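Working notes, beginning with the structure itself.
The values are calculated or read from the model by the stated rules, or taken from the named source; none is laboratory data. These numbers come from a predicted model, not from an experiment. Quick reminder, even Gly has a Cβ in these numbers, built from the backbone with ideal geometry, and neighbours come from all protein chains shown. Keep in mind that these areas ignore ligands, DNA and RNA; they rest on the heavy atoms of the full protein, side chains included. Shrake-Rupley method; radii C 1.70, N 1.55, O 1.52, S 1.80 Å.
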Amino acid sequence: MSIFSTILTIAVIVLAIHFIKTNKSQPKEKYNYVVWFDRTSDAVDGVLNFLYKLQSDKDLCSFIESQKGATLRINGKTITSSHEKLKHLFLMDVAKCYATMDYSPAGSDRRSIPMFLFYSRLNDPSVSITIDTLPTYKEKCQDSFDRIMGQLSNSVKKSTDIYFVAEYLKHYNKELLSEYVKTLLKFGYAVAGAKGKVSKKDGKALDRIFNYLGEI
């Protein structure tokens with residue numbers, strides 16, 4: 001080995017050691033519950049705002065009403081209103097995010113918070129749940145929320161990988177479908193990151209959502 005090659009090799013080794021030491025000395029970003037809650041609230045607002053956008057699209061609503069073969073029944077009642085149909089189907093799609101990642105939207109686990117925020121605001125837009133008022137809200141309606149989410153989870157598990165709103169949008173408007181995918185994934189990442197870094201398992205599950213929706 002020439003002197004030049006030897007010097008070059010030593011220099012590379014020294015630089016590599018310096019890089020490793022520098023990385024180790026840099027503090028890693030710690031999980032911050034407050035930051036996560038704020039991001040989750042933004043993700044929930046994004047999902048709700050997108051739902052309201054769909055409900056206000058008269059052409060889309062007319063298209064949904066024209067699909068006579070697609071029947072939606074909730075607790076024995078047939079849903080005919082396009083606004084109500086979008087509301088219930090969107091709720092099922094959000095629950096499908098949990099099912100895909102093998103999590104439950106019910107219970108006291110921190111991952112249930114995104115669904116709790118979404119469900120509460122979906123049924124009462126005037127609700128303003130903050131990180132301080134969340135325990136009070138959950139204490140009042142935890143039992144009923146768990147029961148409803150349990151029923152919803154069982155329902156979506158029977159629907160394989162179908163995302164119901166996407167099935168309408170793929171035939172109606174591809175741009176809206178793309179926006180829907182981004183909105184739903186942002187919510188999914190809020191669930192996956194509830195306890196810190198998104199795991200490889202959750203990342204693969206979210207990729208499956210993206211790939212499925214992208215294919216249609």
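A few points about this structure:
- Index of the failed condition, residue 179 passing every other in (1) open to solvent by less than 10 Å² (accessible area, probe 1.4 Å); (2) within 15 Å of the chain's Cα centre (by Cα): (1)
- Looking only at the range 156-165, and only at residues there that are at pLDDT below 90 and within 18 Å of the chain's Cα centre (by Cα), the one that is surrounded by the fewest Cβ atoms within 10 Å (Cβ to Cβ): 160
- Meets criteria (touching a residue at least 60 places away in the same chain (Cβ under 8 Å) and either of a type in the set (S, T, N, Q) or farther than 30 Å from residue 201 by Cα (or both)) for residue 55: no
- Within the range 169-191, considering residues that are at pLDDT below 90 and among the polar types (S, T, N, Q), the one farthest from residue 37 (Cα to Cα): 173
- Taken over the range 182-195, the criterion of being open to solvent by 40 Å² or more (accessible area, probe 1.4 Å) and either under 15 Å from residue 87 (Cα atoms) or in a helix (DSSP H, G or I) (or both) is satisfied by 182, 186, 189.
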